[in-house]
């Protein structure tokens, strides 16, 4: 005979909380599904940024104001978000000087700002594949392919490697479409998009394919050959093309849009760049 035990009065009070947890879980799943649908339909995240709680020091903020032109174009709301992201980047990554380089606050802020600029339209902006920022004084020898480089992204070592001399030239000359920081951070973003399934990665993949499809259009190919608008290195492979495209997009948006409006549009959607005049 099975005995029916009375409910345990000591735990009965927990029932409403258990129902609440189940309901919250259900609504969370619905929200994630809606968020994915929204990102796929409108080519942008539903929420790009949630909380702003980290601040830069006065010295760090002054570096942005004096040396980083993109920051000065942002609204006050976006400046607060940008400072939060730069502060997170600096706190989360390890900066290492090579060949006698002493890492300064300026180096940290400007490298972090470049990465955060490129990912500013994304919800996922943290570059999870990067743990170390290695800074050389100038071109360095890379064992990856036994050659001298100005910069590289090494996913195996989870390191972004930069020549400071070339990085500095890249952000100081803001209209020559040569920006080492943007170029290497784009490589990191590309690989992350291939490995991740989050909404930014899915959107990146969709627009990347749109860009590659455009490159099969004979009229566009003829125009690329005729104008020689993008430097020759862009055509090394599809990943270098995307990295060079990002440099042109950030540094010469009006000119890029005039020459190749469809490529510009897909790049803008890929990065969700709808601020600072873009």
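Filtering segment 142-156 to residues that are closer than 20 Å to residue 114 by Cβ and in contact with a strand residue (DSSP E or B) (Cβ under 7 Å, 6 or more places away or on another chain) leaves 149, 150, 151, 152, 153, 154. For segment 231-276, taking the residues that are touching a residue at least 24 places away in the same chain (Cβ under 8 Å) and assigned to a loop (DSSP other than H, G, I, E, B), the one that is farthest from residue 73 (Cα to Cα) is identified as 231. Looking across segment 176-204, the residues that are touching a residue at least 60 places away in the same chain (Cβ under 8 Å) and under 24 Å from residue 136 (Cα atoms) come down to 176, 177, 178, 179, 181, 182, 183, 185, 186, 188, 189, 191. Applying the criterion of at least 2 residues that are touching a strand residue (DSSP E or B) at 6+ places or on another chain (Cβ under 8 Å) to the helices (runs of 4 or more DSSP H) found wholly in segment 36-132 leaves 105-118. The residues listed here are 218, 214, 209; of these, the one that is without any contact (Cβ under 8 Å) to a residue 60 or more places away in the chain, within 22 Å of the chain's Cα centre (by Cα), more than 25 Å from residue 169 (Cβ to Cβ) and surrounded by fewer than 18 Cβ atoms within 10 Å (Cβ to Cβ) is 209. The set of residues from segment 108-145 being over 18 Å from residue 188 (Cβ atoms) and either crowded, with 19+ Cβ neighbours inside 10 Å or within 11 Å of the chain's Cα centre (by Cα) (or both) comprises just one member, 109.
Where a number appears in this text, it was derived from the coordinates with a stated rule and is not lab data. Predicted model, so just to flag it, every value in this text is computed and none were measured. Neighbour counts run over all protein chains shown; Cβ positions are idealised from the backbone, glycine included.
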